[in-house]
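The values are calculated or read from the model by the stated rules, or taken from the named source; none is laboratory data. Nothing here was measured: the structure is a model prediction, and the numbers come from that model. Methodologically, a virtual Cβ is constructed for each residue, glycine included, from the backbone with ideal geometry; neighbour enumeration extends over all protein chains shown.
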Amino acid sequence: MTPRPEPCRGRSAASILLAFLALLAAGPVSIGQDNSDLDDQLVQVRNQILELRTRLEAEQKKEATVLSSLDRIALNKSILKNELDLYGLQMAKAGREQAALKKAVPPLKAKLDKERQALTSTLVTLYKYGRFDFLQFFFQAEDVRTFVAESRSLAFLVQYQQGVLRSYQTTLAKYAAAERGLALKKTELAGLIDSVKVKKKELEAEENRNKNRISEIKQSKALYQQTIGELSERAQQLQQLMDKLAKQEVTLPVPFVPLYQKKGKLPWPMEGKVITRFGLEKHPQFKTATKNNGVEIAPETKDAVIRAVHAGRVVYTDYFQGYGNLVILDHGLSYYSLYGHCASFLVKKGDWVTNEQPLAVVGDVGSLKGACLYLEIRYKAQPLNPLQWLQRR
């Protein structure tokens, strides 16, 4: 008597099909990263670099003066600092993308392994059933219901085999792309690190140029007197600007505290030491006297923040030769405060600021004494001694 063929062992075709359908439903793994915040900052910094380069080109076409030579160095420094900021943002973006890729690789690898195993099982199943002819397969089934179910499952397996293979190939391509992306990001970050090192050396060279130029001015009486003459002209130009601002009416919020009520009680705009006082100042070596319309304060820490001495409206944020990057606040009733030598602005023209709100970062733009804040208090465009308005300490 001919023995009855043994039924097929292991997972049925139907169970394998269900496993594949689950894999297909899972969909692709996303490795996208939202960098819109960094992209916005990158655009802003690139625009600042473009603006600074335009200003530098215009400055280079002007007549050479002592202040213009310092301006060119200051502009070069600002460009280099912005380029360093640009590289920093690019590194942050590349770092985010690298982290996203690193996070995406393990799930892709796991999905790839799972699909590979399932694909192997399917191919084995199809091959196993394909070894028998129809009669053999019929006799393998324990009953008609099993025969119909297995036949239908095999038909589905054949139908979905190509789709499953495409899914596997897609996952494989994503995995390979993620691995390539990681390698590219590693190379990109290494290149950015090298670029930062180069820019830092260039910035250091400009810093030394600035120090050497200031040293020349301080040691040469002729250069010093020429510089003082140029600064006097800029002071007159600033006076013209203040006269113009004084004619403009500013609608103040209600209620507001008039600045004159705070005389002797205003907060200091920055912690530091007063290195230049209001009024006449005599040069220790050349014995020449110059008039200061404000005070200069050296910061206690690098990149110190400059804060508003009183609430008001920002009416000026721009570069002004001799004063560097300058912020002017209108406090109402013809009172103003001015903040010079800023490295960068934290407010813009038209902003309303509160008491002690950050306005800028301290810098050395337009300064002959290194990083410091130049502060003026004015009433009806006329300068007042700021130390009489600030809190005593």
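Brief remarks follow.
- Residue match in the range 83-104 (condition: assigned by TED's automatic domain parsing to the domain that holds Thr171, modelled with pLDDT of 85 or more, part of a helix (DSSP H, G or I) and under 30 Å from Glu216 (Cα atoms)): yes
- Residue satisfying all of: in the range 10-64; more than 30 Å from Arg213 (Cα to Cα), under 39 Å from the mean Cα position of the chain (by Cα) and of a type in the set (D, E, K, R); modelled with the lowest pLDDT among these: Asp34
- Among the residues of the range 295-331, those that are among the acidic types (Asp, Glu) and within 23 Å of Gly370 (Cβ to Cβ) comprise Glu296, Glu300, Asp303, Asp318.
- Consider the range 357-393 and keep the residues that are surrounded by fewer than 16 Cβ atoms within 10 Å (Cβ to Cβ) and charged (D, E, K, R). The one that is nearest to Asn325 (Cα to Cα) is Lys369.
- Scanning the range 58-71 for residues that are charged (D, E, K, R) and surrounded by fewer than 20 Cβ atoms within 10 Å (Cβ to Cβ), we see that the one that is farthest from Gly366 (Cα to Cα) is Lys61.
- Test: residue in the range 362-372 that is on the phi > 0 side of the Ramachandran plot, out of contact with any Asp or Glu (no Cβ under 9 Å at 6 or more places or on another chain) and not charged (D, E, K, R): no
- Selection of the range 327-347 for residues being modelled with pLDDT of 95 or more, part of a strand (DSSP E or B) and of a type in the set (A, V, I, L, M) yields Val327, Ile328, Leu329, Leu338.
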